[in-house]
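A quick write-up on the structure given underneath.
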Amino acid sequence: MTCEALARACLERIVEREPAVQAWQHLEPDAVLDAARRIDRAGTGPLKGLPIGVKDIIDTADMPTRFGSPIYEEHQPARDAACVALARHAGALILGKTVTTEFAYFQPGKTHNPHDYGRTPGGSSSGSAAAVADGMVLLALGTQTAGSVIRPASYCGCVGYKPTQGLIDRTGVRPFADSLDTVGVFARTVEDAALFASVLAGRPGLRIENRSVRPRIGLSRTHEWDAAEPATAAVLEEAVKRLQASGLDIREVVLPESWRGLCEVQKTIMAYEGARACASEMLTHPDRLSAKLREILQIGAAIAPEDYDSAQSLAAEARAGMADALDGLDVLLTPSAPGEAPRGLEATGDPVFNRVWTLLGGPCVNVPGLTGPSGMPIGVQIVGRIGDDQRTLAAAAAIARVLSVQ
C-alpha cells in the first residue's frame, strides 16, 4: 500500500466524520497528499508512510501551532519540535494538528467524543485521542501533565501511553509544568504505541516482539478509590476476572499511607510551575485567557516557594519508594478514569486517577476493550516502575490481548 493511498483513506474518513467529531485544528489535504507522494518516492525509515496527528501545543515548521489559545491564532513556529522532526526522519507523514485544550490545561476545545457527540473526549489531548479512536489517523502525539493522555484514551477507547518522563524529548513542546510535562502517544494497539515511541525515543528495545509474556500484576484501587463510579469499579472487577481466567497472577496491593496526599502535591506543583510558564500571557493578555486558566495561574502565583519546595520533596520521597510499592510485581492495574466520559462539553473530566502516577514519573498505559453501562469505553491503567517502560508495555500488550477477547 502506498503512503498516498493510506493518506487518502485517512482524509476520506476525516471528511466523513470531522463535522461531528471536530478533532482537527489544522489540516491541508492537498499539502498532505503532496507530502505523501514525496514519501512514496524517497521516504525511508521504520514509520515510512504512516500518517500521524500532532497535538497543537507541539511545534511544526510547516503548520501553525496555536496552543488552543486565541492569543496565538497566527503563530507559526520556525522549526519542528524534536519529536516531530524525529517522526518525519523515520518516514512518518504529519497529517495535521489535533485540537488541544487551552495551553493543555482544562478549558475544552471543540472536539466531541466519537462514541457520543454529547460527551467530552477528555483532555487536554482531546483531538489526538478522538482522531485515533475514530479511525481518522493511525498514530498521534499528545502530552500529559495531570491526566491528558490516559484519561482521553479511556474516554475515547484507544491506547494511550505516557512514558517515563523525559523518555521522549520535549524540545519544541509548549511547557505548562516542567517537572510534570511528558510527551506521550496514542494508537489503536499497544504494539503500535510501542513501535511509535521506540522511534521517537531512540530505544528499539521498547518494541514488543515477545507475545508470551505473563506479567505479575498488582491490583491497586489507589487512595483515590472514593472517586470511582460504579462503572469503573465494575470494569476493574471484570478485568481482574478475565485476567485470572487466562491464568495470570493478580494480587491486591495497598499503596503506602504516605502517598495519600500526593494528588494535592501534584496540584501544588502544577499550579506553581504553570503560573510561571504562562507568566507572559497572564501579564500581557489576561483578558484573552479563559476563566479556568486565569484561576489556576492566580492560585499558582500565590503559592509560597517553600510550599512548592516541600511538595517537590514529598514527590521525590514517593518516587524513591516506587520500587518497594511494586515489590515482586511487574506492573500495577489501576483505574484510568472515574467512569465513562461525562456528558456535556463544558469540562474534560477528572484526572484524579492519573495525577499521582504523573507526579511519580513512571510509565502508564491505558488499555481499552471494556465498556460501561451506556456502552461507552472505559479503560484500565497499567503502571510500571520509573524507567521500566519496556516491561510495562509488554505487560500492557499481554493484558490487552486478554481484555480484547469477548
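Descriptive notes on the structure:
- None of L167, L93, L141 is among the hydrophobic types (A, V, I, L, M, F, W, C) and more than 15 Å from the chain's Cα centre (by Cα) except L93.
- Reported count of residues in region 305-326, each being open to solvent by 30 Å² or more (accessible area, probe 1.4 Å) and either among the basic types (K, R) or at pLDDT 95 or above (or both), is 13.
- Top-ranked residue of region 1-12 - restricted to ones that are open to solvent by 30 Å² or more (accessible area, probe 1.4 Å) and either within 18 Å of P121 (Cα to Cα) or small (G, A, S) (or both), ranked as farthest from the chain's Cα centre (by Cα): A5
- Pair list, Cβ < 8 Å and 6+ apart or interchain, from region 289-300 residues that are in a helix (DSSP H, G or I) and of a type in the set (A, V, I, L, M) to residues that are modelled with pLDDT under 95 and surrounded by fewer than 21 Cβ atoms within 10 Å (Cβ to Cβ): none
- Residues of region 207-223 classified as surrounded by fewer than 20 Cβ atoms within 10 Å (Cβ to Cβ) and touching a Pro at 6+ places or on another chain (Cβ under 8 Å), total: 1
- When every residue of region 327-348 is checked against the conditions, none turns out to be hydroxyl-bearing (S, T, Y) and either part of a helix (DSSP H, G or I) or surrounded by fewer than 21 Cβ atoms within 10 Å (Cβ to Cβ) (or both).
- A single entry from R79, R66 fulfils the requirement of being under 24 Å from R174 (Cβ atoms), in contact with a His (Cβ under 7 Å, 6 or more places away or on another chain), in contact (Cβ under 8 Å) with a residue 24 or more places away in the chain and open to solvent by 30 Å² or more (accessible area, probe 1.4 Å): R66.
- Within region 190-238, tally of residues that are assigned to a helix (DSSP H, G or I), of a type in the set (A, V, I, L, M) and within 18 Å of Y161 (Cβ to Cβ): 9
For (1) under 19 Å from the mean Cα position of the chain (by Cα); (2) crowded, with 17+ Cβ neighbours inside 10 Å; (3) of a type in the set (A, V, I, L, M), each residue gets a yes or a no:
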{"residue": "A193", "(1), (2), (3)": "yes, yes, yes"}
{"residue": "A201", "(1), (2), (3)": "yes, yes, yes"}
{"residue": "G205", "(1), (2), (3)": "no, no, no"}
{"residue": "W259", "(1), (2), (3)": "no, yes, no"}
{"residue": "L262", "(1), (2), (3)": "no, yes, yes"}
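- Scan of region 278-288 for residues that are surrounded by fewer than 19 Cβ atoms within 10 Å (Cβ to Cβ) and either in contact with a Phe, Trp or Tyr (Cβ under 7 Å, 6 or more places away or on another chain) or in a helix (DSSP H, G or I) (or both), ordered by number: A279, S280, L283, T284, P286, D287, R288
- Per the conditions (1) in a helix (DSSP H, G or I); (2) open to solvent by 20 Å² or more (accessible area, probe 1.4 Å); (3) of a type outside the set (K, R), the sole criterion not satisfied by V32 is (2).
- Taken over region 136-191, the criterion of being of a type in the set (D, E) and open to solvent by 30 Å² or more (accessible area, probe 1.4 Å) is satisfied by D169, D178, E191.
- Beta carbons closer than 9 Å, at least 6 apart along the sequence or on distinct chains, pair a first residue in region 312-329 that is among the aliphatic types (A, V, I, L, M) with a second that is assigned to a helix (DSSP H, G or I) and surrounded by fewer than 12 Cβ atoms within 10 Å (Cβ to Cβ) for L314/S258; A318/S258.
- Sub-8 Å Cβ pairs linking a first residue in region 375-391 that is closer than 11 Å to G362 by Cβ to a second residue that is open to solvent by 50 Å² or more (accessible area, probe 1.4 Å) and at pLDDT below 95, at least 6 apart or interchain, are R385/A323, ordered by first then second residue.
- Count of region 377-406 residues which are open to solvent by 10 Å² or more (accessible area, probe 1.4 Å) and in a loop (DSSP other than H, G, I, E, B): 7
- If you go through region 13-28 and keep only what is within 21 Å of A61 (Cα to Cα), open to solvent by 60 Å² or more (accessible area, probe 1.4 Å) and outside any loop (DSSP other than H, G, I, E, B), you end up with just Q25.
- Residue among A153, A146, A177, A193 that is under 17 Å from A92 (Cα atoms) and touching a residue at least 24 places away in the same chain (Cβ under 8 Å): A193
- Every pair of residues 6+ apart whose Cβ atoms lie under 7 Å, when the first sits in region 123-137 and is closer than 17 Å to A337 by Cα while the second is basic (K, R): S125/K55
The values are calculated or read from the model by the stated rules, or taken from the named source; none is laboratory data. These figures come from a predicted structure and were not determined experimentally. When we count neighbours, we look across all protein chains shown, and the Cβ atoms used for this are built from the backbone with ideal geometry, even at glycine. Note: areas computed on protein heavy atoms with side chains; ligands, DNA, RNA excluded. Shrake-Rupley method; radii C 1.70, N 1.55, O 1.52, S 1.80 Å.
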